[in-house]
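Visitor: To start, I am sharing the structure in question, which I have written as structure tokens.
The values are calculated or read from the model by the stated rules, or taken from the named source; none is laboratory data. Since the structure is predicted, the reported quantities are computational estimates derived from the model, not experimental observations. We place every Cβ from the backbone using ideal geometry, glycine too, and count neighbours over all the protein chains shown. Only protein heavy atoms, including side chains, enter the accessible area calculation; ligands, DNA and RNA are left aside. Shrake-Rupley method; radii C 1.70, N 1.55, O 1.52, S 1.80 Å.
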Amino acid sequence: MHSYTFRTYPLEEAFRAARQFGWGGIELQPCHFNLENIAAELPRCIEVGKSYGVPIVCVDFGGDFINENPQVVAESVAAVEMVIETCARYGVHLINGGVGSLSVHPTDYGQNGSALAKEAHYERAADAFRHLGPFAGERGVRIVFEIHMNTIHDTVASTVRLLDKIGCDNVMANPDPGNMFSTSTAEHEPEALDKLAGRVGYFHFKNCYLHAGQYSYSVKLADGHIDLNRYVQKLVELGYDDNVCVEYCGAGDPHAAAEEDIKYLRACLSRACKG
């Protein structure tokens with residue numbers, strides 16, 4: 001379960017709910033800790049998780065790796081090195097994030113991200129992660145890029161482009177159908193994941209609802225316009241058997257989503273495995 005689901009609550013409540021509803025772990029988002037002080041913050045968060053019997057499986061990172069200012073990129077690289085070293089020290093082997101944002105339109109995500117990206121953006125990001133990939137690999141850490149609006153990896157195709165340039169086995173993709181649904185330039189069918197076969201290192205589940213031209217994330221996994229059951233089937237078909245995470249980004253009481261979404265996801269997985 002993504003800790004952002006409980007962004008309006010203390011981290012303790014996210015762990016308590018995860019234990020209550022049967023989640024196997026937490027993805028830790030900076031809404032619940034100070035990323036700039038991760039060396040002190042991560043062990044504190046891990047201890048909270050231990051008190052509830054719920055581990056931290058993934059930690060989110062940030063940075064600007066596409067900036068034309070080399071100093072900005074260098075500072076981002078150093079910050080992620082610290083994230084990697086700290087996660088490795090405390091037994092967290094997965095970090096999720098992105099390479100930076102490009103945006104000219106506040107709501108039409110199809111005009112942003114990869115639609116604006118130039119070759120130089122991909123080259124700068126690739127240079128950084130051709131270093132960070134092996135750095136993480138030596139420490140047993142996997143890096144994944146979340147397919148997310150406003151990034152240069154906001155579609156499957158653009159993510160493949162970036163991964164090809166980096167060329168590190170432990171730098172992989174984290175598809176998110178909910179993010180892709182509201183990005184007009186992104187792929188909206190699970191068959192697109194075929195292009196990432198063997199390169200999915202993590203997977204985010206969220207749903208989205210479109211009404212009168214407006215996208216809403218105030219829906220549970222079973223209730224939006226995305227048939228997430230088909231994505232589960234595709235992941236099983238591709239042989240993916242690693243971690244997945246559910247992130248509720250909507251309004252209202254997150255406990256309702258945390259309780260219902262795990263039941264829905266387990267039912268989807270049961271159907272896919274029996275098939």
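Visitor: How far, in nm, would the chain grow between residue 74 and residue 165 when pulled straight, counting 0.36 nm per residue and subtracting the alpha carbon separation?
Guide: 30.9 nm
Visitor: Now for a separate question. Provide the per residue accessible area, probe 1.4 Å, for the range 1-119, rounded to a whole number of square angstrom.
Guide: I get 44 Å² per residue for the range 1-119.
Visitor: Report the gain in length on full extension from residue 39 to residue 189: 0.36 nm times residue separation, minus Cα-Cα distance, nm rounded to one decimal. All intermediate terms of the calculation are to be shown ahead of the outcome.
Guide: Numbers: separation 150, 0.36 × 150 = 54.00 nm, distance 3.97 nm.
Full-extension gain reported as 50.0 nm.
Visitor: Say R0 is 41 Å: what FRET efficiency, to the nearest 0.05, do residue 104 and residue 274 get from their beta-carbon distance?
Guide: Computed FRET efficiency for residue 104 and residue 274 comes out at 0.30.
Visitor: Once you have the Cα-Cα distance between residue 120 and residue 12, take 0.36 nm times their residue separation minus that, and quote the gain in nm to one decimal.
Guide: Value of the extension gain: 34.7 nm.
Visitor: Oh, and also: In this model, which of 118/165; 234/274; 195/234; 165/206 are farther than 20 Å apart at the alpha-carbon?
Guide: Working: 118/165 14 Å; 234/274 14 Å; 195/234 12 Å; 165/206 28 Å.
Check vs 20 Å cut-off fails for 165/206.
Visitor: Continuing with this model, one more query. Which distance in nm do the two modelled labels at residue 263 and residue 241 give, with both placed 7 Å along the Cα-to-Cβ direction?
Guide: The two pseudo-label positions are separated by 2.9 nm.
Visitor: Let me ask something else. For the range 55-117, what size does the Cα cloud have along each of its three principal axes, sorted from largest down, in whole Å?
Guide: Per principal axis, max minus min of the Cα coordinates gives 39, 29, 14 Å.
Visitor: What is the percent of Cα-Cα separations in the range 38-146 that go past 25 Å?
Guide: When every Cα pair of the range 38-146 is considered, 30 percent fall beyond 25 Å.
Visitor: Stokes-Einstein at 10 °C, 1.306 mPa s, Kirkwood radius from Cα pairs: D for the range 124-275 in µm² s⁻¹?
Guide: Working: Rh = 16.2 Å.
Estimated via Stokes-Einstein, D reaches 98 µm²/s.
Visitor: For the range 1-100, restrict the atom set to alpha-carbon positions and state the Rg and Dmax in Å.
Guide: 14.1, 47
Visitor: Based on alpha-carbon centroids, what's the gap between the range 23-85 and the range 101-130 in Å, whole number please?
Guide: Spelled out, the Cα-based centre of one part sits 22 Å from the other.
Visitor: Quick one: divide the alpha-carbon radius of gyration of the chain by 2.2 N^0.38 Å and tell me what you get.
Guide: After normalising by residue count via 2.2 N^0.38 Å, the value is 0.95.
Visitor: Another question, if that's okay. Considering only DSSP beta bridges whose two residues both sit in the chain, what percent are antiparallel, to the nearest 5?
Guide: Close to 20 percent.
Visitor: Next up: If each DSSP helix of 4+ residues adds -39,500 (n - 2.57) and the sum is divided by the residues in the chain, what number results at 222 nm, nearest 500 deg cm²/dmol?
Guide: -13000 deg cm²/dmol
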